[in-house]
Amino acid sequence: MRRTSAVSSASDLRAAGALAESFVADAERALAAAERDLVDTLTAIEEADQIIFEASLQQRLARLAPLPRGVYEDAATLVRFAGAAPWSLKDVPALAQRFAEAFARSLPISSFGQTKVHDRLGLDHRAAIDVAVHPDSAEGRWLMQSLRRSGIPFIGVRGEVPGSSTGAHVHVGNPSPRLIAR
């Protein structure tokens, strides 16, 4: 805010002939650097929120008994289905098309395959996607019913991290096993 105001003031003074052009250019460069720093900081905060959320989710999942194939479970914080049908990222376009036909918008994929967050947590998310819909919303219920009818495994996560976009979503594919022992 202060840098934006400084650039504006410097531009006004330059127009009045009271400041050199180089001074205005310096102020503009400082503003651009501050804006880049802000974006980097906000990105780091969001990534930290995601890591915290995913780690807590993995702890909850680790405490649960694995579901036998074909079993569906609807609990307070998670909905799980151990579908037996094969799933790969090649199946995403067909799912996205069905979603778009049902809701007249794109499938809101928040994580497609392996991400930095999954790498940092040592999780194998290569054959999975996360869809940013709450499991209890109309879109979430439709998605989970569609996946269940097709026999595709999923986990519906009802939890959220306050103040963050991280949280409730539907994980499509098998649960992410650990790539490396911790």
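The values are calculated or read from the model by the stated rules, or taken from the named source; none is laboratory data. In this text the structure is predicted, and so the values were computed from the model without any measurement. Each accessible area value is taken on the protein alone, full model and side chains, heavy atoms only, with ligands, DNA and RNA left out. Shrake-Rupley method; radii C 1.70, N 1.55, O 1.52, S 1.80 Å.
Here are a few things to note about the model shown:
- Near the amide H of His134, within less than 5 Å, lie the amide hydrogens of Gly140, all on another chain or at least 5 residues away, with H placed in the peptide plane.
- Accessible area of Val172 (1.4 Å probe, protein heavy atoms only, ligands and nucleic acids ignored): about 0 Å².
- Note on segment 123-155 and segment 62-82: Cα centroid distance 13 Å, given to the nearest whole angstrom.
- Considering only the Cα atoms of segment 64-157, their convex hull presents on average a projected area of 6.2 nm².
- At the residue level, Ile109 shows approximately 60 square angstrom of accessible surface with a 1.4 angstrom probe and all protein chains present.
- Using a probe of 1.4 Å on the protein chains alone, the accessible area found for His169 is around 10 Å².
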